[in-house]
Amino acid sequence: MESAYLNKNIFLCEKSGGCKIRYTFQNSTELSVQRDFVQDMQDFIAISKEVIPLEKSAITIKNENQERRAVFEKMIQEIDLFEKEMRECIETLAAGVDSPEILEVKEKTLETSSSVALAKKNEKLAEIDSENKLDLMEIQQLDTRILAALSPFFEDSIYGAQNEYYAFIEDKTLNGKQVGFVDNLQYEFELLFTQDTLKVKDLQNLTLPIWSKGGILSREEKVKKIDVSDFYIKNIKYEKNNLKTVLEDKDAENKFTISSDEKAFLIIYRDYEITRDQELAAALNRESVDSFITKLKGFFTEFVGSKKLINITFDGKNVMEENRVFECLKLIASIYGRLVTECLEKGYTEGEITIKIEEPGGTRTEKYLEKSEISKDLSTIGREGEDLATLLRVKEG
């Protein structure tokens with residue numbers, strides 16, 4: 001796809017467009033998705049050319065396996081039928097025979113027939129089992145390659161996707177996952193963090209108020225501020241703008257649960273709601289709590305060492321098991337196709353998908369892809385590529 005993309009003009013603007021890269025259509029109106037759409041298109045085409053043949057190979061293996069199993073089942077039926085007919089024939093021939101010698105021959109013949117038939121069936125069963133294991137191993141290898149190819153693209157190149165993030169302690173180690181949703185597509189990443197445990201102080205210092213009985217005689221309750229900086233963060237759940245986390249000390253004697261949405265936060269100590277208690281709420285350092293919540297949200301970018309795509313479902317069914325990777329690509333192509341139409345409508349050159357990129361320093365770059373080049377590139381995949389070209393709205397004619 002390198003031949004289909006060029007940097008057309010590079011020039012400096014008088015003033016910087018701000019501290020972030022800005023993406024616009026060719027007519028300088030802002031892209032609805034602030035991404036390098038040209039690069040994402042190139043990446044999408046590249047992974048389509050990579051994973052569609054892999055999925056075809058997996059489908060071929062499964063079909064051939066089913067055909068072999070059908071042949072095997074037919075052979076078993078034929079052996080069983082032959083043995084049955086031979087038994088009936090021998091029984092008919094031996095009907096009314098009283099000779100011990102002939103009856104012995106009959107029984108030996110039936111035993112031998114049954115033994116040979118069973119041995120042949122077991123032989124073929126072992127053969128088919130061996131082939132099944134090899135097929136399963138090859139399919140698993142193909143699935144691994146498909147997931148590895150899709151992983152970097154699925155991280156942030158599926159427009160309109162919503163993500164949920166989870167961190168939790170499992171086997172005394174901090175683990176995590178990211179679950180993305182768009183239409184009827186769902187995908188899950190395994191998150192590996194840069195550290196095995198997480199304490200509050202890894203983000204910031206924090207104190208929270210509770211009621212505590214004090215005094216030698218009266219034992220009256222007083223507001224006491226607990227420094228939770230050394231508490232462990234046991235789990236985090238972050239979806240949309242809602243966050244929930246649990247903090248515990250080393251012995252799990254003291255536990256705080258913090259929940260927040262766009263408007264407010266709620267803090268519970270054991271089973272007692274601190275934020276509903278006027279005196280305790282007044283003792284809270286709200287700015288410190290807000291800061292901590294913000295840093296918890298940022299945890300899933302700053303503390304993630306690596307991500308690995310481990311599962312994809314489409315219409316609630318496992319994509320690998322159902323061989324529906326192509327269906328996922330079609331969904332993404334339809335999402336991209338809407339932006340392709342906008343690029344063509346707001347561009348100045350017919351047949352070119354053009355965007356402008358404004359760097360923080362003021363440098364502007366114009367990038368484009370030609371519809372004909374995209375369509376030609378995708379056509380190398382076959383019918384599936386033509387379908388994707390149609391959904392991307394780049395197919396000519």
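The values are calculated or read from the model by the stated rules, or taken from the named source; none is laboratory data. Worth saying up front: this structure is predicted, and the values here are computed from it rather than measured. All Cβ positions, glycine included, derive from the backbone under ideal geometry; neighbour counts span all protein chains shown. Only protein heavy atoms, including side chains, enter the accessible area calculation; ligands, DNA and RNA are left aside. Shrake-Rupley method; radii C 1.70, N 1.55, O 1.52, S 1.80 Å.
More than 30 Å from Lys222 (Cα to Cα) and either of a type in the set (Lys, Arg) or part of a strand (DSSP E or B) (or both) - does that describe any residue in segment 258-271?
No - not one qualifying residue is present in segment 258-271.
Return a yes/no flag: does segment 237-246 have any residue that is more than 25 Å from the chain's Cα centre (by Cα) and either surrounded by fewer than 16 Cβ atoms within 10 Å (Cβ to Cβ) or among the basic types (Lys, Arg) (or both).
No: zero hits.
Which number in (1) crowded, with 16+ Cβ neighbours inside 10 Å; (2) within 19 Å of Asp43 (Cβ to Cβ) marks the one condition that Ser334 misses?
Ser334 satisfies all of (1) crowded, with 16+ Cβ neighbours inside 10 Å; (2) within 19 Å of Asp43 (Cβ to Cβ) except (1).
Where residues in segment 210-233 are at pLDDT 95 or above and not in a loop (DSSP other than H, G, I, E, B), which of them is most open to solvent (accessible area, probe 1.4 Å)?
Asp227
Can you spot a residue in segment 180-190 that is touching a strand residue (DSSP E or B) at 6+ places or on another chain (Cβ under 8 Å) and among the aliphatic types (A, V, I, L, M)?
yes
Residues that are more than 30 Å from Asn63 (Cα to Cα) and hydrophobic (A, V, I, L, M, F, W, C): which helices (runs of 4 or more DSSP H) entirely in segment 295-397 hold 2 or more of them?
325-345
Check Thr313 against each of (1) more than 16 Å from the chain's Cα centre (by Cα); (2) polar (S, T, N, Q); (3) surrounded by 15 or more Cβ atoms within 10 Å (Cβ to Cβ) and name the one condition it does not meet.
Among (1) more than 16 Å from the chain's Cα centre (by Cα); (2) polar (S, T, N, Q); (3) surrounded by 15 or more Cβ atoms within 10 Å (Cβ to Cβ), Thr313 violates only (1).
Taking segment 122-149, which residues are touching a helix residue (DSSP H, G or I) at 6+ places or on another chain (Cβ under 9 Å) and closer than 26 Å to Gln195 by Cα?
Listed by number, the list holds a single entry, Leu147.
Would you pick out the residues in segment 368-397 that are polar (S, T, N, Q) and either within 21 Å of Pro53 (Cα to Cα) or in contact with a Ser or Thr (Cβ under 8 Å, 6 or more places away or on another chain) (or both)?
Selection gives Ser375, Ser379, Thr380, Thr390.
Of the residues Ser151, Ser130, only one is surrounded by 12 or more Cβ atoms within 10 Å (Cβ to Cβ), in a helix (DSSP H, G or I), at pLDDT 90 or above and not β-branched (Val, Ile, Thr); which?
Ser151
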